[in-house]
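Notes for the one structure printed next.
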Amino acid sequence: MAVEAAAARAPYASDPGNNRGRLYPEPPSPTRNAFRRDCDRIIHSTAFRRLAHKTQVFVFHEGDHFRTRLTHTLEVTQIARSLARALGLDEDLAEALALAHDLGHPPFGHAGERALDRCLKAGGGFDHNAQTLRVVTALERRYAAFDGLNLCWETLEGLVKHNGPLVDRDGQPVGRYRERGVPQAIRDHGKRQDLELWSFASAEAQVAAIADDIAYDAHDIDDGFRAELFTLDDLAAVPLARDILGDIGRQYPDLDAVRLVRELVRRLITLLIEDVIAETGVRLRALGARSPDDVRHAHAPVGGFSAQMAEADRAIKGFLYPRMYRHARIARIMSEAEAVVCDLFDRYAAKPADMPAEWAQSAPPSDEAARLRHIADFIAGMTDRYALVEHARLFEHTPELR
């Protein structure tokens with residue numbers, strides 16, 4: 001499928017000139033629309049800069065060429081914009097959602113999240129999506145008039161609901177939140193601003209979410225091969241990868257292994273993007289969507305892979321999970337990283353004065369649950385490097401995570 005020039009704005013695209021506003025009203029910018037302003041606010045945030053030194057899969061000092069949270073975020077953003085452009089959606093909103101989607105991740109990737117979740121078990125646990133909402137609505141403090149970035153309703157909605165509704169029409173948690181409930185941070189924000197947790201998010205949010213999947217599939221193959229966690233022969237066991245490798249081999253029979261994998265990644269991204277564009281277009285036409293709310297009130301997501309490509313996506317993830325995310329080397333490093341996070345949490349909980357003065361002095365004095373959440377906010381904002389420096393300052397032995 002050839003992708004032509006940018007499609008005309010679709011009737012179901014979010015409209016920055018008709019957005020649902022900000023929690024704190026602000027005058028419009030004379031030079032930028034509302035969603036573009038959100039992109040710029042995210043890019044200039046402290047949390048966004050910290051992504052440069054946060055783990056994607058490999059800890060920051062393992063190699064300069066592995067993805068970090070920041071490079072992953074930029075790759076997701078490029079894919080999200082490509083999808084939005086081809087589908088006639090608002091590119092700026094898709095970009096804002098992609099730029100912000102990982103702001104709530106703690107140091108050491110999912111290992112840090114698991115550790116904080118255990119530390120906060122009695123207080124509702126830790127959820128990186130809810131933490132992203134905390135970052136952009138409370139923890140960023142760059143403006144005189146309000147905490148957070150004061151992003152548009154559509155951007156906040158997309159960050160919270162990019163994987164689908166959190167509750168049903170009766171307010172009962174659904175999906176991943178059925179067992180543990182909607183995170184407290186999201187419920188607290190709901191008291192100030194209704195994000196309609198029972199509905200789907202915009203089409204822009206849905207394509208930003210699928211862009212995340214595409215980036216994971218393609219670039220984790222690249223990083224895993226570079227780290228020698230698997231070989232080309234191993235990759236050939238994945239049906240879609242085998243087909244692409246066969247095509248490359250016939251066209252370039254003498255291509256070296258490094259270029260071969262990079263060509264595989266490039267072609268894989270193209271195939272996944274083209275499939276999402278085609279399938280999402282089919283779903284939108286079947287829905288007869290004429291407005292953004294038609295997308296929100298649908299009975300199923302509009303953004304996604306075709307059935308065939310969804311199966312291929314599952315096969316790729318099924319390959320990567322044991323060979324990369326659960327590889328013995330990665331598992332050992334991440335286990336040590338979890339211990340670092342837990343050590344820091346326990347130390348700050350016992351001795352709050354060991355936190356920097358601004359954090360120690362701003363801790364809630366009488367609400368224990370809020371105090372522990374405050375500690376988690378501090379740790380979640382750390383980069384990998386700062387967490388290790390803090391651990392070395394407070395403890396006699398700090399693992400090297402290699």
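The values are calculated or read from the model by the stated rules, or taken from the named source; none is laboratory data. None of these values were measured; they are calculated from a predicted model. Virtual Cβ from ideal backbone geometry, glycine too; neighbours counted across all protein chains shown. In case anyone asks, the SASA skips ligands and DNA or RNA and just uses the protein heavy atoms, side chains included. Shrake-Rupley method; radii C 1.70, N 1.55, O 1.52, S 1.80 Å.
Observations on the model:
- Per-residue 3J(HN,Hα) values for the stretch 176-187, derived from phi via the Karplus relation 6.51 cos²θ - 1.76 cosθ + 1.60 with θ = phi - 60°, read 5, 9, 4, 7, 9, x, 5, x, 4, 4, 6, 5 Hz in sequence order (x marks Gly and Pro).
- Its Cα gyration tensor gives the stretch 258-394 an equivalent ellipsoid; the semi-axes, largest first and in whole Å, are 43, 26, 12.
- Extension gain, ASP40 back to ALA236 (0.36 nm per residue minus Cα-Cα distance, nm): 66.4 nm
- Largest GNM mean-square fluctuation among GLY175, GLY125, GLY148, using the chain with Cα springs under 10 Å: GLY175.
- Where trypsin sites (Lys or Arg not before Pro) fall in DSSP loop in the stretch 249-296, at most 16 other Cβ within 10 Å: ARG290
- A run of the chain free of exposed loop cleavage sites, with chymotrypsin sites (Phe, Trp or Tyr not before Pro) counted only in DSSP states other than H, G, I, E and B and at most 16 other beta carbons within 10 Å, reaches its longest extent at 147-394.
- Dipole magnitude (debye, nearest 20) for the stretch 212-295, charges at Cβ of Lys, Arg, Asp, Glu: 360 debye
- Projected area, mean over directions - the chain, Cα convex hull, nm²: 20.9 nm²
- Amide H contacts of VAL167 (H built 1.01 Å from N, under 5 Å, at least 5 apart or other chain): VAL174, TRP198
- Remark: the stretch 346-360, residue by residue, has Karplus-estimated 3J(HN,Hα) of 4, 5, 5, 5, 7, 9, x, 5, 6, 6, x, 4, 5, 7, 5 Hz, where x stands for each Gly or Pro and the curve is 6.51 cos²θ - 1.76 cosθ + 1.60 at θ = phi - 60°.
- Among ASP168, ASP217, ASP90, the largest mean-square fluctuation in a Gaussian network model of the chain, built with springs joining Cα atoms closer than 10 Å, belongs to ASP168.
- Euclidean distance between Cα centres, the stretch 177-193 to the stretch 269-329, Å: 26 Å
- Using a probe of 1.4 Å, the accessible surface attributed to LEU23 totals some 50 Å² when neighbouring protein chains are kept in position.
- Among ALA353, CYS342, LEU271 - extreme Cα towards positive end, dipole of the stretch 250-402, charges at beta-carbon: LEU271
- Which of SER306, ALA205, ASN33, positive extreme of dipole for the chain (C-beta unit charges): ASN33
- Size of electric dipole in the stretch 162-255: Cβ of Lys, Arg +1 and of Asp, Glu -1, about Cα centre, debye, nearest 20: 620 debye
- Dipole magnitude of the chain about its Cα centre (Cβ charges: Lys, Arg +1; Asp, Glu -1), debye to nearest 20: 560 debye
- Report summary: the helix-based calculation at 222 nm, which adds -39500 (n - 2.57) for every DSSP H run with n ≥ 4 and divides by the residues of the chain, gives -17000 deg cm²/dmol.
- When the GluC sites (Glu not before Pro) in the stretch 186-248 are filtered for DSSP coil states and for at most 16 other beta-carbon atoms within 10 Å of their beta-carbon, the remaining sites are GLU228.
- Against the criterion of solvent-accessible heavy-atom surface with a 1.4 angstrom probe, LYS351, LYS121 sort, most first, into LYS121, LYS351.
- Highest-MSF residue in the chain out of ALA34, ALA208, ALA328 [GNM, Cα springs under 10 Å]: ALA328
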